[in-house]
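Step one of this worksheet: look at the structure below.
The values are calculated or read from the model by the stated rules, or taken from the named source; none is laboratory data. Computed from a prediction, not measured in an experiment: that's the story for all the values here. FYI the Cβ positions are ideal-geometry reconstructions off the backbone, even for glycines, and counts take in every protein chain you see.
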Amino acid sequence: MAKHIVARVDEIPPGERKIVEIGGRTIGVFNVNGSFYALRNRCPHQGGPLCQGRVSGFLMATKPGGEYTYTRRGEILRCPWHGWEFDITTGQSWFDPAKTRVRAYEVHVEGLPMPEEMGKLLPGPYTAETYEVSVDDQQFVVVEVP
Amino acid sequence: MAVATAPSALLDRPSSIDVAVIDTDIHITFPSPDVLTNYLAPEWREHHRTFGMRGHQGSHYPRAMPNAARHDSWPAAGGPPGSNLGFVQEQLLDGWNIEYGILNPLVGVGEQRNLAYGAALARAVNEWQLHDWVEPEARLRASVVVPWEDGELAAAEIDHWGGHSAFVQALLIIRTKEPLGRRKYWKMYEAAERNNLPIGIHFGGAGGGPITGAGWPSHYIEDHGGMPQAFQAQVISLIYEGVFERFPGLQIVLIEGGFAWIPPMLWRMDAAWRKLGAETPYLKRPPSEVFREHFWVSTQPMEEPLQREYFRQLLDQLAMDDRLLFATDYPHWDFDAPDQAFPIALDPVRKRNFMAENARRLYGLP
């Protein structure tokens, strides 16, 4: 794995991102609540520039006419083209099973931890490419690219 | 340790399309409302500044995305998506190697309550398309926007531009005040036929009535997902009212309305015609036959069946290989990428026809 310095730590404050090019790939580096994550800037759906998307959370509702809750604020990236939603921390796309026909999407990604609040959702068909991110000497954000 | 650099391209991948591409649905808009003032007839400028546009704006649902646009389509130089020719060239025409693109400005002209102002606006928008877009960019062609709620005013606008090679169709929006087969619209069809211009009818708009036959829904998703019902209503009206018996040269392009609904609706229309046709004795042929001779259909937003193979069956049932037209809908959020839009691998003939050759024939492009 090749390590690349992508930014000084203070260049990407919480909630912000930086998009860089490494070896022909463009990669978005995100700061989510103080932790850094890196995703390929290419949506697995139709190839849109995923990392230019809006960062949001999930609006959840257990049933029609019931209560709405908002969860995972700042951790969900929406593709700027079709609005596909991806977990910034894992690259996983998520579906609300109440809104989709579950059996049509049998793609699962092994080994990804499922946060508890995601219990109402099912994994979607896509996983964005993610990269290891570390902080070097508390000064630089470093991305490892295979 | 290497230091990463700034991205050198807008996208992380080159387009992998290997045939010519004609994009039949591109949306442009004004960089600022003032732009139009220069093109408006002098007697309407004061009205434009003082009163401005008054349609049925309350009919529109708030979009999921600002301007219903891709987030990456806002020009760095400022202005809304689709307002900057240089960025449209870079992001769309050059980015995807588009051979020709058809401009469909959705700017509310036909929905104006003041019909005379609507007609003046239509002329101004058409002048703006010509001078600011088609003249500086040879890959673009324009659509004649018309004040469609008045058949005679719409006909006059079509007659004005009919002989100009920059304009390849007249443009309506699917949600009109009345079903489009009604006689109030016939002068417009007569003019389109006379000028050998197809009429494109695009997704959206606000004619004052709800999108459904059962009142007003709650959400944008119902408006967006339910739009085919407006297209169905117009096809039913145009065919059963006998528009194509009256204007046999008229061609209609359904833009952004989907197409999976077409085969079963034509079955039902044929069945009704066999049983109830006495009510419309001027309709001499099965509706499905009329449809396949007079309608063209754009592909975006692409139908996405649960099993990809259903898409091949759909194409067979549709039986319109010579009338399906690729479109991106740039810069709107439901953009279809030319190299990834179709859910199945198309055979070379279908691919060439859908991506460019059908549109080339329809619009008479070189």
Task: Within the stretch B:11-34, considering residues that are surrounded by fewer than 16 Cβ atoms within 10 Å (Cβ to Cβ) and touching a residue at least 24 places away in the same chain (Cβ under 8 Å), the one nearest to the other protein chains (Cβ to nearest Cβ) - done: B:Ser16
Open item on the list: Against the conditions (1) at pLDDT below 85; (2) of a type in the set (Gly, Ala, Ser); (3) not in a helix (DSSP H, G or I), where does A:Gly119 fall short? Just the number, please.
Closed with: (3)
Task: Matching residues in the stretch A:13-45 - criterion: being away from chain B (no Cβ under 11 Å) and in a loop (DSSP other than H, G, I, E, B) - done: A:Pro13, A:Pro14, A:Gly15, A:Glu16, A:Asn33, A:Gly34
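Would you please name the residue that is farthest from B:Pro338 (Cα to Cα), looking only at residues in the stretch B:284-308 that are basic (Lys, Arg) and part of a loop (DSSP other than H, G, I, E, B)?
B:Lys284
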TODO: Using the structure shown, decide if A:Lys63 is of a type in the set (D, E, K, R) and part of a strand (DSSP E or B).
DONE: no
Open item on the list: Which numbered condition in (1) assigned to a loop (DSSP other than H, G, I, E, B); (2) under 28 Å from B:Arg70 (Cβ atoms); (3) in contact (Cβ under 8 Å) with a residue 24 or more places away in the chain is the only one that B:Lys351 fails?
Closed with: (1)
Open item on the list: Restricting to the stretch A:19-43, and then to whatever is in contact with an Asp or Glu (Cβ under 7 Å, 6 or more places away or on another chain) and without any contact (Cβ under 8 Å) to a residue 24 or more places away in the chain, can you tell me which residue is farthest from A:Thr69 (Cα to Cα)?
Closed with: A:Asn41
Task: A:Val9 within 12 Å of another protein chain (Cβ to nearest Cβ) and either surrounded by 13 or more Cβ atoms within 10 Å (Cβ to Cβ) or in contact with a strand residue (DSSP E or B) (Cβ under 9 Å, 6 or more places away or on another chain) (or both) - done: no
TODO: Please work out which one of (1) under 23 Å from B:Lys184 (Cα atoms); (2) in contact (Cβ under 8 Å) with a residue 40 or more places away in the chain; (3) more than 21 Å from the chain's Cα centre (by Cα) is the condition B:Glu279 fails and give its number.
DONE: (2)
- [ ] Evaluate the stretch A:124-135: report whether one residue or more is over 19 Å from A:Ile12 (Cβ atoms), at pLDDT below 90 and over 12 Å from the mean Cα position of the chain (by Cα).
- [x] yes
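I need a count of the residues in the stretch B:142-178 that are assigned to a loop (DSSP other than H, G, I, E, B) and surrounded by 23 or more Cβ atoms within 10 Å (Cβ to Cβ).
Total satisfying the criteria: 6.
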Task: Matching residues in the stretch B:64-91 - criterion: being small (Gly, Ala, Ser), more than 10 Å from chain A (Cβ to nearest Cβ) and assigned to a helix (DSSP H, G or I) - done: B:Ala68, B:Gly86
TODO: Select from the stretch B:35-52 the residues that are surrounded by 15 or more Cβ atoms within 10 Å (Cβ to Cβ), assigned to a loop (DSSP other than H, G, I, E, B) and aliphatic (A, V, I, L, M) and list them in ascending order.
DONE: B:Leu40
- [ ] State yes or no: is A:Gln46 in contact (Cβ under 8 Å) with a residue 24 or more places away in the chain and more than 13 Å from the chain's Cα centre (by Cα)?
- [x] yes
Open item on the list: I'm checking my understanding of the structure. Among residues of the stretch A:57-89 that are under 16 Å from A:His45 (Cα atoms) and among the acidic types (Asp, Glu), which one is farthest from the other protein chains (Cβ to nearest Cβ)?
Closed with: A:Asp87
Task: Which numbered condition B:Pro7 fails, given (1) more than 14 Å from chain A (Cβ to nearest Cβ); (2) without any contact (Cβ under 8 Å) to a residue 24 or more places away in the chain - done: (1)
